[in-house]
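Asker: Would you mind keeping the following structure in view while I ask a few things?
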Amino acid sequence: MASSLGFEFLTKKPYSPPSWASHLHPLPSHFFSLAHVCFLPTPIHRWNLPNLPTNTELWIKRDDLSGMQLSGNKVRKLEFLMADAIAQGADSIITIGGIQSNHCRATAVAAKYLNLDCFLILRTSDLLVDQDPGLTGNLLVERMVGAHVHLISKQEYAKIGSVTLTNVLKEKLIKEGRRPYVIPVGGSNSLGTWGYIEAVREIEQQIQKGTGNVKFDDIVVACGSGGTIAGLSLGSSLSALKARVHAFSVCDDPDYFHNFAQGLLDGLKAGVSSRDIVHIQNAKGLGYAMNTSEELNFVKEVAATTGVVLDPVYSGKAAYAMLKDMSENPKKWERRKILFIHTGGLLGLYDKVDQLASFVGNWQRMDVNESVPRQDGIGKMF
């Protein structure tokens with residue numbers, strides 16, 4: 001079975017929504033199997049973080065394991081967005097994000113898989129906007145697959161906005177005879193929202209097939225652009241899952257994301273209020289993609305304790321804020337079964353190596369006593 005399914009990777013398939021979502025409009029007609037077949041469903045397992053409240057069970061869904069180049073929550077959205085781009089006859093993709101955007105990296109890879117050029121608008125500091133951005137983390141993958149990188153300063157981005165910036169580039173490419181398709185920040189529009197509506201169906205199926213008969217009370221996830229939380233919360237409320245979704249925002253503020261998610265829900269004619277189906281708390285700390293030493297030490301300690309490596313921008317901040325909230329409000333979480341969604345983004349850690357260095361010692365030269373026999377050539381260095 002596995003060998004035949006492997007040939008279905010990167011194929012366009014007709015989409016049938018879950019029965020509980022069939023009333024939404026518009027319904028996607030097709031998707032590209034960028035993660036399906038090869039990487040989905042992503043595993044769910046117990047996550048034994050220390051210092052949980054009394055009788056609290058924590059589980060984790062590993063969307064970070066959906067592949068390196070196309071990893072994380074972004075690929076679920078791109079399955080629908082890329083199908084729409086191809087259906088519209090696009091020959092190129094435009095998208096936008098931060099200098100270490102996981103979404104931009106995944107989009108660049110997906111575009112090249114489908115023989116499309118990719119144009120990335122990446123937000124960087126005012127001091128670095130005129131310099132080569134380098135090859136750290138996501139940038140290495142983006143530039144290796146031939147993405148066209150356009151840098152914009154944070155100051156200009158704040159004054160112009162992502163929609164206008166992508167439209168400016170779109171108009172330029174159209175004048176050059178190209179057929180560009182614009183994907184918004186994080187792939188978060190009403191069509192991209194289907195990625196996590198579909199993920200809810202996947203979670204339901206995993207629970208049904210599992211041996212533990214787990215009923216999750218809560219779902220916890222990071223929020224950086226809004227599409228993931230819109231899909232998760234809508235899917236959970238419509239399906240039999242009925243878990244309360246808790247989102248920890250790593251940029252902007254909860255009011256912004258409630259309003260943005262509402263726009264995505266309205267775009268699907270969902271007829272629900274975002275404030276009724278998702279609880280959003282602030283977890284941005286120093287700011288988007290900026291970390292305190294406490295946050296980075298937490299990421300290191302979680303990896304050392306559980307083997308799960310969190311990214312510093314999204315899931316790391318969300319898990320840190322979740323544990324902080326559990327410590328401050330233990331009654332709220334006691335005796336709950338919680339599913340944490342790891343949304344990927346591990347390449348972002350490479351941008352933090354200097355800050356992480358002080359937390360990860362654990363090395364020394366091996367001391368081999370003089371009495372141990374030595375002979376030239378005995379050790380083969382393959």
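Asker: GNM on the chain, C-alpha springs below 10 Å: top fluctuator among Ala199, Ala304, Ala289?
Answerer: Ala304
Asker: I've got another one for you. Tell me, what is the per residue accessible area of the range 229-382 in Å², probe radius 1.4 Å? Write down the numbers at each step before the final one.
Answerer: Working: 8280 Å² over 154 residues.
It amounts to 54 Å² per residue over the range 229-382.
Asker: With springs only between Cα atoms under 10 Å, which of Leu346, Leu24, Leu78 fluctuates most in a Gaussian network model of the chain?
Answerer: Among Leu346, Leu24, Leu78, the largest GNM mean-square fluctuation belongs to Leu24.
Asker: Once label points are set 7 Å from the Cα along Cα→Cβ at both Ile160 and Asp255, what is their separation, rounded to one decimal in nm?
Answerer: Rounded to a tenth, the inter-label distance reads 2.8 nm.
Asker: Now a separate question. Work out the P(r) tail for the range 261-319: percent of alpha carbon pairs separated by more than 19 Å, whole number.
Answerer: Values: 831 of 1711 pairs.
That tail contains 49 percent of the Cα-Cα pairs.
Asker: Quick one: if you take sqrt(5λ) for each eigenvalue of the C-alpha gyration tensor of the chain, what semi-axes come out, biggest first, whole angstrom?
Answerer: Details: eigenvalues 211, 165, 104 Å².
Semi-axes, largest first: 32, 29, 23 Å.
Asker: Which residues in the range 107-127 have a backbone N closer than 16 Å to a point placed 7 Å from the Cα of Lys172 along the Cα-to-Cβ line?
Answerer: Inside the label zone: 118-124.
Asker: Find, to one decimal place in angstroms, the Kirkwood hydrodynamic radius of the range 73-187, where the mean of 1/r is taken over every pair of different Cα atoms and then inverted. Each step should come with its number before you reach the end.
Answerer: Values: mean 1/r = 0.0713 Å⁻¹.
Here the Kirkwood hydrodynamic radius works out to 14.0 Å.
Asker: A further question on this structure: Quick one: length gained pulling Trp363 to Asp217 fully straight, 0.36 nm per residue minus the C-alpha distance? Before the final figure, lay out the partial values.
Answerer: On the way: separation 146, 0.36 × 146 = 52.56 nm, distance 4.17 nm.
Here the segment from Trp363 to Asp217 would lengthen by 48.4 nm.
Asker: Continuing with the same structure: Roughly how much of Tyr314 is accessible, in Å² to the nearest 10, using a 1.4 Å probe?
Answerer: 30 Å²
Asker: Obtain the nm distance between the two label points defined at Ser16 and Asp276 by a simple spin-label model: each point lies 7 Å from its Cα along the Cα-to-C-beta direction.
Answerer: Going from the Ser16 label point to the Asp276 one covers 3.0 nm.
Asker: Here's something else I'd like to know. Could you tell me the largest-minus-smallest coordinate of the C-alpha atoms of the range 14-79 on each of the three principal axes, in descending order and whole angstroms?
Answerer: 45, 31, 16
Asker: From the mean inverse distance of alpha carbon pairs (Kirkwood) and the Cα radius of gyration, derive Rg over Rh for the range 201-285. Could the numbers behind the result be given before it?
Answerer: On the way: Rg = 13.2 Å, Rh = 13.2 Å.
Ratio of gyration radius to Kirkwood radius: 1.00.
Asker: With a probe of 1.4 Å, find how much accessible area the range 11-79 has per residue, and write the answer as a whole number in Å². Mind showing how you got there, number by number?
Answerer: Numbers: 2910 Å² over 69 residues.
Averaged over the residues of the range 11-79, the accessible area is 42 Å².
Asker: Further question on the same structure: Percent of accessible area on the chain owned by carbon and sulfur, 1.4 Å probe? Could you put the intermediate results ahead of the total?
Answerer: Numbers: 9690 of 18250 Å².
Solvent-exposed carbon and sulfur of the chain make up 53 percent of the total.
Asker: Explain nothing, just compute: Karplus ³J(HN,Hα) = 6.51 cos²θ - 1.76 cosθ + 1.60, θ = phi - 60°, for every residue of the range 47-60 in order, whole Hz, x for Gly and Pro.
Answerer: Computed from phi, the couplings for the range 47-60 are 10, 8, 5, x, 6, 6, x, 4, 6, 8, 9, 10, 10, 9 Hz.
Asker: How much length, in nm to one decimal, is gained on full extension between Thr305 and Gln205, taken as 0.36 nm per residue of separation minus their Cα-Cα distance? All intermediate terms of the calculation are to be shown ahead of the outcome.
Answerer: Numbers: separation 100, 0.36 × 100 = 36.00 nm, distance 2.95 nm.
Working it through step by step, the gained length comes to 33.1 nm.
Asker: I want to verify a result. In a Gaussian network model of the chain, Cα cutoff 10 Å, which of these has the top mean-square fluctuation: Val220, Val368, Val149?
Answerer: Among Val220, Val368, Val149, the largest mean-square fluctuation in the Gaussian network model of the chain belongs to Val368.
Asker: Excluding Ser33 itself, what net charge comes from residues whose Cβ is under 13 Å from its Cβ, given Lys and Arg +1 and Asp and Glu -1? All intermediate terms of the calculation are to be shown ahead of the outcome.
Answerer: Numbers: positive: Lys12, Lys13, Arg76; negative: Glu8, Glu79, Glu198.
With Lys, Arg at +1 and Asp, Glu at -1, the neighbours total 0.
Asker: Would you mind getting the accessible area per residue of the range 119-192, heavy atoms of the protein chains only, 1.4 Å probe, in Å²?
Answerer: Working: 4050 Å² over 74 residues.
Result: 55 Å² of accessible area for each residue.
Asker: Separate question: Could you report the accessible area of Glu57 in Å², rounded to 10, computed with a 1.4 Å probe on the protein chains as they sit in the structure?
Answerer: 50 Å²
Asker: Further question on the same structure: Tell me which lysines have Cα within less than 17 Å of Lys337's Cα, excluding those fewer than 8 residues away on the same chain?
Answerer: The reachable lysines, counting only those whose Cα sits under 17 Å from Lys337, are Lys61, Lys215, Lys242.
Asker: Grab the beta carbon distance between Val372 and Ser293, set R0 = 51 Å, and tell me the FRET efficiency rounded to 0.05. Walk me through the intermediate numbers first.
Answerer: Values: r = 41 Å, r/R0 = 0.80.
Step by step, r from the Cβ atoms, then E = 0.80.
The values are calculated or read from the model by the stated rules, or taken from the named source; none is laboratory data. Keep in mind it's a predicted model, so treat the numbers as computed, not measured. No Cβ is skipped: glycine too gets one built from the backbone with ideal geometry, and neighbour counts run over all protein chains shown. Calculation scope for accessible area: heavy atoms of the full protein, side chains included, ligands and nucleic acids excluded. Shrake-Rupley method; radii C 1.70, N 1.55, O 1.52, S 1.80 Å.
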